[in-house]
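Input: a single structure, listed below in structure tokens.
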């Protein structure tokens, strides 16, 4: 009789295990049949380049949103972003010099990317912008050159931080990614421009940001 009780208990345990495991298996099968829920890694998922497409596009769009939103809300690109681009150029220039035997870079490209270095040295020597007409002209020339460099620096960031995007063989996916980032940047700019419809002055203040001129006061 004792053995019979053990058998019944064992059988009940097996039925109990089946009861909670089977729904989980069904859930896994259901998720694996959906590309988004499976993170584009399920058995029925599309090609690996689709996952690369989404990862690259999301990463780029997040940066584009931040820049475009601030441009719309404050009508400027914050110095922190400009400094980040400058850091990229510094690393590229110094890294190229340190690995000059292993890295091939055209001398004119290295010279072009070294302009921010030259500008910093210039500012350290001539601290006042308007100390003289010649100094002011040279300083203005540096600023114009740096503005021209910004798109190049951004391109370098993309090449280094999202190399998989440039390896996508499907041209249609590349165009789609670029278009999506532009659309998101446009939306971010509009949200920033009309921030008083989405955010309050208090929300800007709590986040540590300056207050836009047209921010909405909290009720």
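The values are calculated or read from the model by the stated rules, or taken from the named source; none is laboratory data. As the structure is a computational prediction, the values presented were derived from the model and not from experiment. Using ideal geometry, Cβ is built from the backbone for each residue, glycine included, and neighbour counts are taken over all protein chains shown.
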task = Confirm whether residue 141 is out of contact with any helix residue (DSSP H, G or I) (no Cβ under 7 Å at 6 or more places or on another chain), more than 18 Å from residue 58 (Cα to Cα) and not in a helix (DSSP H, G or I).
result = no
key: Set 168, 175, 180, 149: member being at pLDDT below 80 and closer than 28 Å to residue 58 by Cβ   = 168
query = Does residue 192 qualify as being more than 28 Å from residue 52 (Cβ to Cβ), assigned by TED's automatic domain parsing to the domain that holds residue 71 and either at pLDDT 85 or above or within 14 Å of the chain's Cα centre (by Cα) (or both)?
reply = yes
From the options 89, 85, 97, residue that is surrounded by 12 or more Cβ atoms within 10 Å (Cβ to Cβ), farther than 20 Å from residue 161 by Cβ and touching a helix residue (DSSP H, G or I) at 6+ places or on another chain (Cβ under 9 Å) = 97
inquiry  = Among the residues in the stretch 69-82, are any surrounded by 13 or more Cβ atoms within 10 Å (Cβ to Cβ), within 24 Å of residue 175 (Cα to Cα), in contact with a helix residue (DSSP H, G or I) (Cβ under 7 Å, 6 or more places away or on another chain) and at pLDDT 65 or above?
reply    = yes
query = Does residue 195 count as surrounded by 15 or more Cβ atoms within 10 Å (Cβ to Cβ), under 18 Å from residue 77 (Cα atoms), free of Cβ contacts under 8 Å to residues at least 24 places away in the same chain and out of contact with any strand residue (DSSP E or B) (no Cβ under 6 Å at 6 or more places or on another chain)?
reply = no
ask   = Looking at the stretch 61-80, is at least one residue under 20 Å from residue 121 (Cβ atoms) and free of Cβ contacts under 8 Å to residues at least 40 places away in the same chain?
value = yes
